[in-house]
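What follows is calculated from the coordinates using simple rules that are stated; it is not laboratory data. Source: prediction; values computed, not measured. No Cβ is skipped: glycine too gets one built from the backbone with ideal geometry, and neighbour counts run over all protein chains shown.
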Amino acid sequence: MKKLFLIITILTLTISCGTKEKTDTSAQLDTTLTVSYFGAEGKTVLKLLETSHQVEKKSSSIGSFVESIDGVKNRSNRFWLYYVNGKKPDVASDRYATHNGDTVEWRFEAAIKEEK
């Protein structure tokens, strides 16, 4: 059953993400883009993402951060955030080791303005 769900997810992502040709992503800024996959015992969120998507990342002393997925780059008001089992972890994606059965989702989200 998990394999069937994974195949359906991959096909959905392939169709929704299209080819890896460079395209104008400005039209995508009005919607929330997502990339989903399952965890694998001991593999990091970032390593699993890199196995099936083109990823640009930035390294820092606290870990690596995703700058773009499949050509969709972070903006000043939108950026890639990851969730595991629906929760946003508090560590960089290269430091979060997944487990079999985890559901990982990257969301291209709008920045939330804090009210003063």
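Proximity of backbone amide H atoms, modeled 1.01 Å from N, is registered between Thr98 and Ala40, Gly42, Lys43, Thr44, Val45 at under 5 Å, excluding neighbours fewer than 5 places apart on the same chain. Where the alpha-carbon atoms of the stretch 29-110 are placed on the principal axes, they occupy 33, 28, 23 Å, in descending order.
Please get the size of the charge dipole for the stretch 29-110, origin at its Cα centre, with Cβ charges of +1 on Lys and Arg and -1 on Asp and Glu, quoted in debye to the nearest 20.
180 debye
The label-point distance for Lys58 and Lys87, in a model that sets each label 7 Å from Cα toward Cβ, rounds to 2.8 nm.
Sort Lys57, Lys87 so that the residue with the fewest other Cβ atoms within 10 Å of its own Cβ comes first and the one with the most comes last. Spell out each step's value before the answer.
Numbers: Lys57 18, Lys87 7.
The fewest-first ordering by Cβ neighbours comes to Lys87, Lys57.
Exposure proxy ranking for Ser60, Ser52, Ser93, based on other Cβ atoms within 10 angstrom of each Cβ and starting from the fewest, stands as Ser60, Ser52, Ser93.
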